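Remarks on the structure that follows.
Every number in this text was worked out from the coordinates using simple rules, so none of it is lab data. Note that the structure is predicted; figures quoted are calculated from it, not measured. With ideal geometry, Cβ positions are generated from the backbone for all residues, glycine too; neighbour counts draw on all protein chains shown.
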């Protein structure tokens, strides 16, 4: 059982609102990730972090931002939500090792922007 | 550029029948290969992984996958499907760059339906 948690699980908000999706893990993993998932599409990496105070943009351009002030916490923020941001956002973490992969995923945050 | 192709968007099998989900990858270096499963409303769970060694790997829930370098494939199999296997399955490829870690690339997924 993976110990990685996302809140909220579901969020419906109006255009222009600021939102923060929370992600926490209790496994002590240095690496954390945010993926965006749309039906019938690949998971797209939008942000990742290899440790505290380290954040990078992923393969898919996103208007969201992230921060990594503590090892266990990796929140994602949208300053002004738009309908195009409607999607599922998955947070994941992995150990620091030489190998890529072995991601542990949270249950996801499904965002709907009206 | 590395990529993962899952040719089948949706597969339906009868309960008790065998299953094979296809995955092809494109990558120049030695790949690390993964299969994940996602049940509705849930995150992804790792089924199995291949890093090196024996090309036939066993995973959880009775799944196995075989790495075939000559075919650039990593197909997932199960001899007898259970109704609880209905879910979406994602193949992913990653790599070790020798000094930095490459991030995973995922396929588009194959949705599995199981009929009684």
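Distances between every pair of Cα atoms in the range B:1-80, grouped in 5 Å steps from 0 to the bin holding the largest one, split as 3, 13, 24, 26, 20, 9, 4, 1 percent.
Evaluated at q = 0.20, 0.28 Å⁻¹, the base-10 log of the normalised Debye intensity for the range A:47-114, with identical point scatterers placed on the Cα atoms, takes the values -0.94, -1.48. Dividing the mean sequence gap of close Cα pairs (under 8 Å, 6+ apart) by how many residues chain B holds gives a relative contact order of 36 percent. Given in Å, the Rg to one decimal and the Dmax to the nearest whole number for the Cα atoms of the range A:4-79 are 12.5, 36. Here the contact order of the range A:1-105, divided by its residue count and restricted to Cα pairs under 8 Å and six or more residues apart, works out to 33 percent. Enclosing the Cα atoms of the protein assembly as shown in their convex hull gives a volume equal to 122 cubic angstrom per residue. Within 10 Å of the Cβ of each residue in A:37-43, the mean number of Cβ atoms contributed by other protein chains is 6. Look at the alpha carbon pairs under 8 Å that are at least 6 residues apart: their mean separation over the length of the range B:1-63 gives a relative contact order of 24 percent.
The range A:42-114 and the range B:20-45 have Cα centres spaced 19 Å apart.
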